[in-house]
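Below you'll find the structure, written out as structure tokens, and then a few comments.
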Amino acid sequence: MFILIRTLTYATLFIGFVLVYLPARVLAWAGISRPVEISWPQILGIAIGILGAALALSCVVEFARIGKGTPAPFDPPRRLVIRGPYRFVRNPMYIGASFALAGAALFFTSLSLLAFVCGFLLVCHCFILVYEEPTLRRSFGQEYTAYCQHVKRWWPLISTVH
């Protein structure tokens, strides 16, 4: 139960800062406000945002349920999580967060927010290469190496699912 509380706390802080506060600052800086009417870009943006958020949240749950840890680097999973969305791609949480942000960019028809999404992905990619993957290799050794050989970092290869 304590793992779930920690996970929800860290996820809420991350989501609140990276997926709500910072995008709101970008929109305010760009002078963009809520659309007056809802049309197809807003509906599509909502759908993409919901799908992305659901994917990211399912990853958070898997970290607590299977990994017995949290997505926070200072409180990582104790076991390697390779089930759920992690069967298809190694970084579904970042992909889900990016889709949630891209949905917001479409909802607001904001190029500034789309640029934020691109910056977010770049930061995530660098973080993965410099910190996350080396740490996972040290923590999980051959199990992680084998996982990397079968599951791609960003793009799922459905034929390699085990």
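Coordinate-derived values only; no laboratory data. Here the structure is a predicted model, which means the values were calculated and not measured. Ideal geometry is used to build each Cβ from the backbone, glycine not excepted, and the neighbour counts take in all protein chains shown.
Tell me, which residue of segment 82-96 that is in a loop (DSSP other than H, G, I, E, B) and of a type in the set (Val, Ile, Thr) is farthest from Ile15 (Cα to Cα)? The selected residue is Ile82.
Results for (1) touching a Gly at 6+ places or on another chain (Cβ under 9 Å); (2) not in a loop (DSSP other than H, G, I, E, B), shown as yes or no for each residue.
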| position | (1), (2) |
| --- | --- |
| Arg25 | no, yes |
| Cys59 | yes, yes |
| Lys68 | no, no |
| Leu80 | yes, no |
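State whether one or more residues within segment 127-143 are touching a Ser or Thr at 6+ places or on another chain (Cβ under 8 Å) and on the phi > 0 side of the Ramachandran plot. Looking through segment 127-143, none of the residues is touching a Ser or Thr at 6+ places or on another chain (Cβ under 8 Å) and on the phi > 0 side of the Ramachandran plot. Just one of the listed residues (Phe63, Phe120, Phe99) is in a helix (DSSP H, G or I), surrounded by 15 or more Cβ atoms within 10 Å (Cβ to Cβ) and in contact (Cβ under 8 Å) with a residue 60 or more places away in the chain, and it is Phe120.
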